[in-house]
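Just so it is clear, none of the values below were taken in a lab; they were calculated from the coordinates. For clarity, every value in this text was computed on a predicted model and none was experimentally measured. Cβ sites come from the backbone with ideal geometry, for glycine too, and all protein chains shown count toward neighbours.
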There are 4 protein chains.
Amino acid sequence: MVKKKQILVIGNNTTGCTPKHEKIAYEVGQEIAKSGSLLITGGLGGVMNSCSHGAKDENGLTLGIIPQDDPKFANEFCDIVIPSGMGFTRDFLNALSADGVIIVGGGSGTLSEVCAAYMSKKPMVAIRGFDSAIAPYIDGYVDHRKNVKIIGADTAKEAVDKIIELITA
Amino acid sequence: MVKKKQILVIGNNTTGCTPKHEKIAYEVGQEIAKSGSLLITGGLGGVMNSCSHGAKDENGLTLGIIPQDDPKFANEFCDIVIPSGMGFTRDFLNALSADGVIIVGGGSGTLSEVCAAYMSKKPMVAIRGFDSAIAPYIDGYVDHRKNVKIIGADTAKEAVDKIIELITA
Amino acid sequence: MVKKKQILVIGNNTTGCTPKHEKIAYEVGQEIAKSGSLLITGGLGGVMNSCSHGAKDENGLTLGIIPQDDPKFANEFCDIVIPSGMGFTRDFLNALSADGVIIVGGGSGTLSEVCAAYMSKKPMVAIRGFDSAIAPYIDGYVDHRKNVKIIGADTAKEAVDKIIELITA
Amino acid sequence: MVKKKQILVIGNNTTGCTPKHEKIAYEVGQEIAKSGSLLITGGLGGVMNSCSHGAKDENGLTLGIIPQDDPKFANEFCDIVIPSGMGFTRDFLNALSADGVIIVGGGSGTLSEVCAAYMSKKPMVAIRGFDSAIAPYIDGYVDHRKNVKIIGADTAKEAVDKIIELITA
């Protein structure tokens, strides 16, 4: 048995999620599925929904860790649901569950997950070209500790290839 | 897509886990895998390890939610690891993640998971015949509210059949 | 500066809370205040409310750790509110925050807190004479590990004296 | 009884904490104590330690919510310790416990707390003049939602006056 890599995809929930976010999130989901990795998301809308949709269309395996205590709040593309019952505190759980993180746009919630992943020194790749709360950190660091650099990527394929390379290294 | 049922199996960690616990936990894991359900455990030793072992030997899918923040502490039979970083507080997360719960022996940790599942009104089935912290509650209730009865079962097959029946109902 | 002892009082929420529960919980709160200790509760109704009421009537200091993410859900007798936003998972937080625990009646939620406190080897004293989910454990242990004995007491004064003695030991 | 305002102070832990951080954090603690508010911190070193020290020197009340499950890890200036046992996930608990937040420098951990407070729309005031992970957000917003503006202040007195004004409003 070779354990699947666990890739967390984070980004805008329904507010602030444009068709451009949805398209690339969907493609990231497809690529994660094609790589044989497990897709983890926050299980809700926007980027989380599109990415899980893409993964399911390529017969991937998807897991959603949601804020609520009832699995019915997860989007329809989650094979497995962890209803954390912890509200947005579940952002830390998402980060801890990741072998690596891919970022597609994102606001304050996404930034809290980036901070949590950074503190745990998880590899991170961010799609360039979105006007997001994460944009200032791409190809740079969250703080002076320089724990882990957030690597920029221009396409879904490049992002998934890079995160797998970083996880494997 | 038909979503897999999520069955949590709880019971003794390495302390207090006898070959009798291990045998029936292994069989419970096998039956869960054969039913096409997802096995969730606390990802550590004893009943959690044996049950995951049984599930993997039948090509099932297994997920472990562990107290530590590093996945390396999970047993080798976990396909997916959620390293919660929350210590034993993760017992509540286990319970919330379950569509139904099967209990094999168990001490205070297992009892806390039973309480959490009971408060969330999750169906529960317990294997009879173990001298455990759960024994007094089998075929009865945790408290005066009578939220959900803990159903007794004598074999692994009976336990899995019953929990699936209860989840489906 | 001598740090205050942190005493957690747990027991029935509004359901199952009788005038007898309220009376002794109120007295336990008074005694905790008189001892100069900090009273910690789950911040809601029933035993939590009465005990905090008693402590405030003796000018004690009270802290409530509530399941909700908004402090307005706490009872009016909490000086300090920790709105955990974690639902009933906050039962573990309560237990970890205690130097010692006093139990007045209680159902499944109280039992989960007892399990959490037991796993962390916190001293516990329970008021005798209630038909509760905790009654079977008074003057005994939660499981075979015999981590910590739950000591019985007949009055509020006796309970507070005993828990302070156990914390100090 | 008038409930104390609960003011969370966040900023650099021991790494990256300079005498300049310590001086202003100490003064912030003094001002919080003089205002009759409760000081909440993460209970560890650096800004958390200095601020609690200042509050105690003015006979204030201090509470530390720490990552560990054992209160002995808290600094000596915490009157009350909540040993969360949740690791850095406690950053969300800190934010939820605040009526308002004061920020003194800070790295990725502080930024995760800022995000959590922002998501919960808590008033925030940040001391200007530190080269920190928070600096880009002072007198601005964390994301496009414009939930709550992070107000800049130049002195401890100004910061505490402003946060109390914002909490009261």
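With contributions of -39500 (n - 2.57) from each DSSP H run of at least four residues, the per-residue ellipticity at 222 nm computed over chain A stands at -11000 deg cm²/dmol. When only alpha carbons are used to place a centre, the stretch C:98-169 and the stretch D:1-73 end up 33 Å from one another. For the residues of A:124-130, the average number of beta carbons from a partner chain within 10 Å of their own beta carbon is 0. Measuring between alpha carbons in the structure, the pairs from B:LYS121/C:LYS149; B:LYS4/C:LYS149; A:LYS4/D:LYS149; C:LYS34/D:LYS3; C:LYS122/D:LYS4; A:LYS23/B:LYS121 lying more than 31 angstrom apart are B:LYS4/C:LYS149; A:LYS4/D:LYS149; A:LYS23/B:LYS121.
Per residue of A:109-122, what is the mean number of Cβ atoms on other protein chains within 10 angstrom of that residue's Cβ?
Mean partner shielding for this stretch: 6.
Annotation: amide H of A:GLY46 within the under-5 Å range of A:THR14, sequence separation 5 or more or interchain, hydrogens built in the peptide plane.
With both labels modelled 7 Å from their Cα along Cα-to-Cβ, the B:ASP70 to A:ASP161 distance reads 3.3 nm.
3J(HN,Hα) along the stretch B:102-112: 10, 10, 10, x, x, x, 5, x, 4, 5, 5 Hz, from the Karplus curve 6.51 cos²θ - 1.76 cosθ + 1.60 with θ = phi - 60°, whole Hz, x for Gly and Pro. The amide H of D:GLY152, built 1.01 Å from its N in the peptide plane, has D:ALA126, D:ASP139 as neighbours under 5 Å, considering only residues 5 or more places off or on other chains. When only the Cβ of Lys, Arg, Asp and Glu is charged (+1, +1, -1, -1), the dipole of the protein assembly as shown relative to its Cα centre reaches about 0 debye. For C:GLU76, inter-copy separations between label points set 7 Å beyond Cα along the Cβ vector come to 4.2, 4.9, 6.3 nm, shortest first. Mean partner shielding of peptide C:72-82, defined as the number of other chain Cβ atoms within 10 Å of each residue Cβ, is 3.
In summary, the convex hull built on the alpha carbon positions of the protein assembly as shown has an orientation-averaged projected area of 26.7 nm².
Only the Cβ atoms of Lys and Arg (+1) and of Asp and Glu (-1) were treated as charged; on that basis the dipole of chain D about its Cα centre amounts to roughly 420 debye. For chain D, the relative contact order is 21 percent, taking Cα pairs closer than 8 Å that sit 6 or more residues apart in sequence and dividing their mean separation by the residue count.
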